[in-house]
Amino acid sequence: LRSPYHGGHLEVIVGPMFSGKSEELIRRVTRAVIARQRVVVFKPAIDDRYHATHVASHSGRIVEALAVRSTEDVRAYLRGERPLLSEAAASPDVVGFDEAQFFDADLVPLALELASSGARVVLAGLDLDFRGEPFGLMPDLLARAESVEKLTAVCVVCGAPATRTQRLIGGQPARYDDPVVLVGAHESYEARCRVHHEVRR
Ligand code: ADP
């Protein structure tokens with residue numbers, strides 16, 4: 001599993017929800033572990049605690065990960081200021097990030113620093129938000145990556161390759177201006193193709 005690149009590099013995995021981004025991240029990380037490389041995976045915390053967690057795909061595969069609230073948290077782990085899951089994760093060969101779109105903008109310089117110091121950095125995230133627009137720092141990462149994989153899901157309406165994430169609120173397509181966090185609303189997400197992706201204006 002020697003890198004084709006001299007030193008470190010960035011690999012980005014994107015696509016809509018259900019396209020298999022987490023599965024692909026888990027696949028790559030698992031192979032690195034089998035090759036006895038030092039691996040650490042980070043994902044955004046949904047609550048205020050730092051803790052060990054896992055990346056799970058919709059099909060149920062999991063790999064260990066650390067939940068973080070910010071890129072600064074990641075830096076603190078990598079500086080050794082917090083216990084990692086395993087000692088092997090100190091000075092890692094491979095650093096994974098799931099749900100990269102939810103990280104703050106400092107993830108871009110951190111990923112570049114890690115790559116420059118020789119690490120293989122694997123980032124999985126949504127390329128587009130529910131409106132079909134570029135998601136946060138993802139365009140920046142996509143432009144800077146050595147390798148980009150765009151995955152598709154299956155459109156739940158027609159079965160074509162799905163490139164968009166449909167947001168539904170109470171069963172209706174979300175509006176362009178609907179807030180990203182809606183307290184008390186029944187929300188769901190579906191994979192859809194360009195034709196069947198709807199955003200109400
Ligand atoms: P992502 O991280 O991109 O959201 P996951 O890796 O978590 O994707 O899940 C991918 C899995 O989701 C597929 O292997 C499949 O089992 C399941 N799945 C559910 N709905 C769909 C869909 N509409 N299209 C493709 N896969 C789907």
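The values are calculated or read from the model by the stated rules, or taken from the named source; none is laboratory data. Note that the structure is a prediction, hence the values are computed from the model and not measured. With ideal geometry, Cβ positions are generated from the backbone for all residues, glycine too; neighbour counts draw on all protein chains shown. Side chains are part of the model used for accessible areas, which takes the heavy atoms of the whole protein and leaves out ligands, DNA and RNA. Shrake-Rupley method; radii C 1.70, N 1.55, O 1.52, S 1.80 Å.
If you go through the stretch 1-33, how many residues are β-branched (V, I, T), open to solvent by less than 10 Å² (accessible area, probe 1.4 Å) and assigned to a helix (DSSP H, G or I)?
Just the residues of the stretch 1-33 that are β-branched (V, I, T), to begin with: 12-14, 26, 29-30, 33.
Imposing the further condition that a residue be open to solvent by less than 10 Å² (accessible area, probe 1.4 Å) reduces the set to 12-14, 26, 29.
So of that shortlist, the ones also assigned to a helix (DSSP H, G or I) come out as 26, 29.
Of the residues in that region, 2 qualify.
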Which listed residue, of D106, D73, is without any contact (Cβ under 8 Å) to a residue 40 or more places away in the chain, in contact with a helix residue (DSSP H, G or I) (Cβ under 6 Å, 6 or more places away or on another chain) and acidic (D, E): D106
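Restricting the search to the stretch 85-103, which residues are open to solvent by 60 Å² or more (accessible area, probe 1.4 Å) and within 16 Å of the chain's Cα centre (by Cα)?
So in the stretch 85-103, the residues open to solvent by 60 Å² or more (accessible area, probe 1.4 Å) come out as 85, 87, 91, 99, 102.
Those that are open to solvent by 60 Å² or more (accessible area, probe 1.4 Å) and within 16 Å of the chain's Cα centre (by Cα): E99, F102.
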Tally, over the stretch 104-129, of residues that are buried (at least 20 other Cβ atoms within 10 Å of the Cβ) and not aliphatic (A, V, I, L, M): 3
Residue count for the stretch 61-84, restricted to those that are open to solvent by 100 Å² or more (accessible area, probe 1.4 Å) and more than 26 Å from E23 (Cβ to Cβ): 3
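Conditions (1) within 28 Å of H9 (Cα to Cα); (2) surrounded by 12 or more Cβ atoms within 10 Å (Cβ to Cβ), marked per residue:
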{"position": "F135", "(1), (2)": "yes, yes"}
{"position": "L151", "(1), (2)": "yes, yes"}
{"position": "V157", "(1), (2)": "no, yes"}
{"position": "T163", "(1), (2)": "yes, yes"}
{"position": "G171", "(1), (2)": "no, no"}
{"position": "D177", "(1), (2)": "no, no"}
{"position": "V180", "(1), (2)": "no, no"}
{"position": "V183", "(1), (2)": "no, no"}
{"position": "E187", "(1), (2)": "no, yes"}
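Looking for something touching a Gly at 6+ places or on another chain (Cβ under 8 Å) and either part of a helix (DSSP H, G or I) or within 16 Å of the ligand (Cβ to nearest atom) (or both) - is there at least one such residue anywhere in the stretch 170-186? Talk me through it step by step, then tell me what you get.
Just the residues of the stretch 170-186 that are touching a Gly at 6+ places or on another chain (Cβ under 8 Å), to begin with: 185-186.
From what is left, the residues that are either part of a helix (DSSP H, G or I) or within 16 Å of the ligand (Cβ to nearest atom) (or both) are none.
The answer is no; no qualifying residue exists.
Would you mind stating whether V63 is within 30 Å of T163 (Cβ to Cβ), within 16 Å of the chain's Cα centre (by Cα) and either at pLDDT 75 or above or not acidic (D, E) (or both)? Talk me through it step by step, then tell me what you get.
Values: within 30 Å of T163 (Cβ to Cβ): yes; within 16 Å of the chain's Cα centre (by Cα): yes; either at pLDDT 75 or above or not acidic (D, E) (or both): yes.
Yes: the conditions hold for V63.
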Meets criteria (within 19 Å of A67 (Cα to Cα), among the charged types (D, E, K, R) and touching a Pro at 6+ places or on another chain (Cβ under 7 Å)) for E87: no
Cβ pairs under 9 Å, 6+ apart, first in the stretch 175-201 and without any contact (Cβ under 8 Å) to a residue 12 or more places away in the chain, second outside any loop (DSSP other than H, G, I, E, B) and surrounded by 12 or more Cβ atoms within 10 Å (Cβ to Cβ): D178/R167; D178/I169
